[in-house]
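A.B. asks: The structure's right below; bear with me while I get my questions together.
The values are calculated or read from the model by the stated rules, or taken from the named source; none is laboratory data. Since this is a predicted model, take the numbers as computed values, not measurements. A quick note on method: Cβ atoms are made from the backbone with ideal geometry, for glycine too, and the neighbour counts reach across all protein chains shown. We work out accessible area using only protein heavy atoms, side chains counted, and drop any ligands, DNA or RNA first. Shrake-Rupley method; radii C 1.70, N 1.55, O 1.52, S 1.80 Å.
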Amino acid sequence: DAGVIQSPRHEVTEMGQEVTLRCKPISGHNSLFWYRQTMMRGLELLIYFNNNVPIDDSGMPEDRFSAKMPNASFSTLKIQPSEPRDSAVYFCATQYRVGNEQFFGPGTRLTVL
Amino acid sequence: AQSVTQLDSQVPVFEEAPVELRCNYSSSVSVYLFWYVQYPNQGLQLLLKYLSGSTLVESINGFEAEFNKSQTSFHLRKPSVHISDTAEYFCAAGEPGGSYIPTFGRGTSLIVHP
């Protein structure tokens, strides 16, 4: 298995532009998590899906952020419009079942100028 | 919900010395505990986990952690570190059953000097 796949690995954009981050989970994993990591705030959980349904999006910072999981093999995190303070590494992680460990993707490093 | 405290943000140590990275979680009837490692420019990888059974768990690269219920701790130890162990280490906790959303600590940066 190729593990969790994220694209792009790096994204540089200008303030106000739309950004879409993509994640392909490990086949058979029922849960998917989006995290954001910065030096200031550490690792923050943004949203969690179980069986493609959003369960908890309380970590989504504001309405500019949205996430979808249209099927079991694909998820997106969208920021529109982007702002410099959104600059961070965004991780997607998946989990087979409750209690098991999470498998993290390599992350997308987002820089908003 | 669980809360996880990693008491040290940074731990410098010399190569071949022992190391302990501390982790405490909020009390709960039952808990799952994890240590993850993050090497530079990579995602987090599971190092070891405690779900049930033996309170001492080990990883393949010489790390071990002990679940201590009375002290609500899950400290990570290694008797002799290598330069290649330099990384960020995250402790995580969760409660089995229901919707499982793990809670991560802020991380501890282990810096191994030659």
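A.B. asks: Separation between the A:Tyr96 and A:Arg64 pseudo-spin-labels, each 7 Å from Cα along Cα→Cβ, expressed in nm?
C.D. replies: Simple spin-label model gives 3.9 nm for this pair.
A.B. asks: Additional query: Taking just the alpha-carbon atoms of the range B:1-48, what radius of gyration and Dmax come out, in angstrom?
C.D. replies: Radius of gyration, then largest Cα-Cα span, for the range B:1-48: 13.3, 38 Å.
A.B. asks: I would also like to ask the following. Along Cα→Cβ, 7 Å out, is where each label goes; now give me the distance between the ones at B:Thr72 and A:Arg85 in nm to one decimal.
C.D. replies: The modelled label-to-label distance comes out at 3.2 nm.
A.B. asks: So, one more: Please go through the range A:4-79 and write out the GluC sites (Glu not before Pro) that DSSP classes as loop and that have at most 13 other C-beta atoms within 10 Å.
C.D. replies: Listed in order of number, the matching sites are A:Glu14, A:Glu18, A:Glu62.
A.B. asks: Take the protein assembly as shown, compute every pairwise Cα distance, and split them into 5 Å bins from 0; I just need the percent in each bin.
C.D. replies: 1, 7, 14, 18, 18, 16, 12, 8, 4, 1, 0
A.B. asks: While we're on this one: Relative contact order for chain A: what is it in percent, counting Cα pairs under 8 Å that are at least 6 residues apart?
C.D. replies: Contact order relative to length: 37 percent.
A.B. asks: If I histogram all Cα-Cα distances within chain B using bins 5 Å wide from 0, what percent of pairs lands in each bin?
C.D. replies: Pair shares across the bins are 2, 13, 23, 26, 19, 10, 5, 2, 0, 0.
A.B. asks: In the range A:77-113, whose amide N lies under 14 Å from the spot 7 Å out along Cα-to-Cβ of A:Val12? List them in ranges.
C.D. replies: The answer is A:109-113.
A.B. asks: Follow-up. Determine Rg/Rh for the range B:70-114; Rg is computed over alpha-carbon atoms and Rh is the Kirkwood hydrodynamic estimate from the same atoms.
C.D. replies: Taking Rg over the Kirkwood Rh, I get 1.09.
A.B. asks: While we're here: How high is the FRET efficiency from A:Ala72 to B:Glu58, r the C-beta distance, R0 25 Å, rounded to 0.05?
C.D. replies: With a Förster radius of 25 Å, E is 0.15.
A.B. asks: Could I ask something else about it? Could you provide, to the nearest whole Å², the per residue accessible area of chain B with probe 1.4 Å?
C.D. replies: I get 48 Å² per residue for this part.
A.B. asks: Something else: Among the trypsin sites (Lys or Arg not before Pro) in the range A:37-110, which ones are in a DSSP loop with at most 15 other Cβ atoms within 10 Å of the Cβ? Mind listing them?
C.D. replies: In loop regions of the range A:37-110 (DSSP not H, G, I, E or B), the sparsely surrounded trypsin sites (Lys or Arg not before Pro) are A:Arg41, A:Arg64, A:Arg97.
A.B. asks: Still on this structure: Using only Cα positions of the range A:35-76, each an equal point scatterer, no hydration layer, compute I(q)/I(0) via Debye at q = 0.22, 0.25, 0.33 Å⁻¹ and quote the log10 values to two decimals.
C.D. replies: The Cα Debye sum returns log10 ratios of -0.76, -0.91, -1.17.
A.B. asks: Now for a separate question. Loop only by DSSP, 14 or fewer other Cβ within 10 Å of the Cβ. Give me the trypsin sites (Lys or Arg not before Pro) in the range B:1-102 that pass, ordered by residue number.
C.D. replies: Answer by residue number: B:Lys69.
A.B. asks: For an R0 of 25 angstrom, estimate the FRET efficiency from the Cβ-Cβ distance between B:Leu51 and B:Ser3 and round to the nearest 0.05.
C.D. replies: 0.80
A.B. asks: What do you get for Rg/Rh over chain A if you use C-alpha atoms and the Kirkwood form of Rh?
C.D. replies: Taking Rg over the Kirkwood Rh, I get 0.95.
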